[in-house]
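The values are calculated or read from the model by the stated rules, or taken from the named source; none is laboratory data. All values reported here derive from a predicted model rather than from experimental measurement. When we count neighbours, we look across all protein chains shown, and the Cβ atoms used for this are built from the backbone with ideal geometry, even at glycine.
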Ligand SMILES: [Fe+2]
Ligand SMILES: [Fe+2]
């Protein structure tokens, strides 16, 4: 099957579904080197009490798992992009892992702030994954960063772990604290990248954007520029991040940035909060405002194709027009070829 057929088949399989899943394909000059991976993010599994969990968030993750198992061709691996839990509880992480255990492939994980700030990532490290690591796959170097760290003074000032978690869990809480990768991890990243040939494609997974968009909602990483500087020597760099629960894309120097969708809910765009200074990339054409009558609206999946340094992202948005964001070699940045201007209301939704 060639890539066009693959795209077509994936589109036919998934376009009409409410799939909150990201499928990523990396394409090279030699077809046999091509591969794809799926990306699921921001499930926010939330315990009510005992064995009761918020049904809507469970359903979003279950749907993504079911669809990931149907993908053909099978993705080489699956990433989970962080915020598996809502309040970092072991029960939430365990329940999320239980849902993910239905995947036919064992996923790799990125850590989100909702997984971290109850016990500073202790349970995650024990049960789920290292907080940062790298791996190589078919000629691509992948790096997973923990981008949601903050200052010890902030982390240690609360009367309980639950209070600390609650302060970091809100979108718009001025008592929160900005995220960062931090010096120790940047030193690790530098040493890791020093071993990689500069022509090797590098894909970085983070939870928060490794760029500054809006500080008030932590769509922000304080040391983003320092991380970007470490990535500067490479020819082909893509950063894929969750956390923002909406489509964003940008080009900063040699680095293409793409967000992935959440399986739980969409966040509003910072630009709707007109009284605050925000830096939503001017390139980004915003998604339609989510329709609250549709449970999974403004979730979705995308297929990312990286060939000879060019990036094309094919978004399939349930209950909305699909979108394509493609790298334009003339302007050297991602651009929309299809805007999401008209909502196509399904006739047989429920
Ligand atoms: Fe999230
Ligand atoms: Fe997050």
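Has the range 86-109 got at least one residue that is on the phi > 0 side of the Ramachandran plot and modelled with pLDDT of 95 or more?
Scanning the range 86-109, I find at least one residue that is on the phi > 0 side of the Ramachandran plot and modelled with pLDDT of 95 or more, so the answer is yes.
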| query | What are the residues in the range 217-233 that are away from ligand 1 (no atom under 16 Å from the Cβ) and either at pLDDT below 95 or assigned to a helix (DSSP H, G or I) (or both), if any? | reply | 224, 225, 226, 227, 228, 229, 230, 231
| How many of the residues in the range 200-210 are within 15 Å of ligand 2 (Cβ to nearest atom) and assigned to a loop (DSSP other than H, G, I, E, B)? | 4
| query | Within the range 53-84, which residues are within 22 Å of residue 117 (Cα to Cα) and either within 14 Å of ligand 1 (Cβ to nearest atom) or in a loop (DSSP other than H, G, I, E, B) (or both)? | reply | 54, 57, 61, 80, 81, 82, 83, 84
| Hits in the range 77-94 (condition: away from ligand 2 (no atom under 16 Å from the Cβ), closer than 18 Å to residue 166 by Cβ and in contact with a helix residue (DSSP H, G or I) (Cβ under 7 Å, 6 or more places away or on another chain)) | 90
| query | Of the residues that sit in the range 259-287 and are within 29 Å of residue 198 (Cβ to Cβ) and within 16 Å of ligand 2 (Cβ to nearest atom), which one is surrounded by the fewest Cβ atoms within 10 Å (Cβ to Cβ)? | reply | 259
| field | residue 130 more than 16 Å from ligand 1 (Cβ to nearest atom) and outside any loop (DSSP other than H, G, I, E, B) | value | no
| Of the criteria (1) surrounded by fewer than 16 Cβ atoms within 10 Å (Cβ to Cβ); (2) within 19 Å of the chain's Cα centre (by Cα); (3) away from ligand 1 (no atom under 16 Å from the Cβ), which one residue 171 fails | (3)
| query | Which ones in the range 211-246 are under 26 Å from residue 275 (Cα atoms), more than 14 Å from ligand 2 (Cβ to nearest atom) and buried (at least 20 other Cβ atoms within 10 Å of the Cβ)? | reply | 211, 222, 224
| Filtered residues of the range 95-144 (kept if in contact (Cβ under 8 Å) with a residue 60 or more places away in the chain, within 16 Å of ligand 2 (Cβ to nearest atom) and under 22 Å from residue 227 (Cα atoms)) | 110, 111, 112, 113, 144
| Residue check, residue 188 against (1) more than 25 Å from residue 276 (Cα to Cα); (2) without any contact (Cβ under 8 Å) to a residue 12 or more places away in the chain, all met but one. Which one? | (2)
| message | Whether any residue in the range 180-193 is more than 20 Å from residue 130 (Cα to Cα), assigned to a loop (DSSP other than H, G, I, E, B) and in contact with a helix residue (DSSP H, G or I) (Cβ under 9 Å, 6 or more places away or on another chain) is what I want to check. | response | no
